[in-house]
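A.B. asks: So that we are looking at the same thing, I have put the structure below in structure tokens.
Derivation of every value follows stated rules applied to the coordinates shown; laboratory data play no part. This is a predicted model, so every value here is computed, not measured.
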Amino acid sequence: MPIILYTVAALFNKKSKNSTSGSGDEMTFWEHLTELRKRLFRMILAWFVMSVIAFIYSRFIFDKILLAPKEPDFITYKWLCQLGKLIHAENLCLPPMSLTIINLNLSGQFMTDMTVSMFAGLIIGSPFIIYQLWQFIMPALYDKERRYARRAVFIMSFLFIIGVLFSYYLMVPWTLNFLGTYQVSSMVVNQISLSSYISTVTSTILGVGVVFELPVVVYVLAKIGIITPALLKNNRKYAFVIILIVAAIITPPDVFSQMIVTVPLYALYEISVLVAVKVAPAPDPDLADDEE
């Protein structure tokens, strides 16, 4: 571990020379550790403060955000029903749900409240946390690397937010409606535990948010040669079938509903193909000659 820290500090010292250009403000190994400790303390403090605030307003977070998609007056259900009437697709008016959320453990509600508050605090405080992390890393980067890093942070944040919104307003309502109304028998009544409901909602939101980072992941993998444009192009049909199956499971049984989910996700895949084509390294002519 000390060797790793020493290597990282040596890299910072080397690049600090480039950024300070003879100003003499070169940080030592221990100064780097002190700076890192200061930044970490600020990030943890921001997370703690935001978590406390989220805990104070946890009733709003639960009632207006997390539990809202299970209610029949959720805005997505209204929009879909209005759209269904406009285009004469009645299946877009989803059947009303009757989800009964129950708590099974004595400390279940309190622990769920604490967990959600911590996650909410992390999300709310993420701009400040990212800023502190950026302030620590920035001196070690060259000017060109700083420009690329700023652009990457913006693109990743933008894609994640789009994915979260897409999931919350489309994927989560349809998923809850499908799972909440599905019955193996009319004699079995759905009573959903609080932990199961929160886990389903949060994992769906975060999962789709991460999926929307696909172009960035493809950019990195294509840049280092692990993924090639040919690989993505040849597997288009498999990607389309997988996306279509997922859309068919969580949406009502009509083509228009499935396309609302399928088109954005497949468009994301096609964007990833374009990214791979743009950044993939050119084939080595020497290797091509050897193969011939």
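A.B. asks: Long-range amide H contacts for Ser193: which residues qualify at under 5 Å (H placed 1.01 Å from N, peptide plane, sequence gap of 5 or more or a different chain)?
C.D. replies: Under 5 Å from the amide H of Ser193: Ile102.
A.B. asks: Could you grab the relative contact order for region 51-173? Cα pairs under 8 Å, six or more apart, rounded to a whole percent.
C.D. replies: Numbers: 50 pairs, mean separation 43.6, N = 123.
Result for region 51-173 is 35 percent.
A.B. asks: Also: Beyond 21 Å, what percent of the Cα pairs of region 105-237 remain?
C.D. replies: On the way: 5443 of 8778 pairs.
The calculated P(r) of region 105-237 puts 62 percent of pairs beyond 21 Å.
A.B. asks: Using the C-alpha atoms of region 127-201, what convex hull volume per residue, in cubic angstrom, is computed? Present the calculation step by step, with values, prior to reporting the outcome.
C.D. replies: On the way: hull volume 8.6 nm³, N = 75.
Convex hull volume per residue, Cα atoms: 115 Å³.
A.B. asks: Right, here's the next one. Could you give me D for region 30-79, from Stokes-Einstein at 10 °C and 1.306 mPa s, where the hydrodynamic radius is the Kirkwood radius over C-alpha pairs? Units µm² s⁻¹, please.
C.D. replies: On the way: Rh = 13.7 Å.
Taking Rh from Cα pairs, D becomes 116 µm²/s.
A.B. asks: Could you work out the mean projected area of the convex hull around the alpha carbons of region 193-238, in square nanometres to one decimal?
C.D. replies: About 4.4 nm², averaged over all directions.
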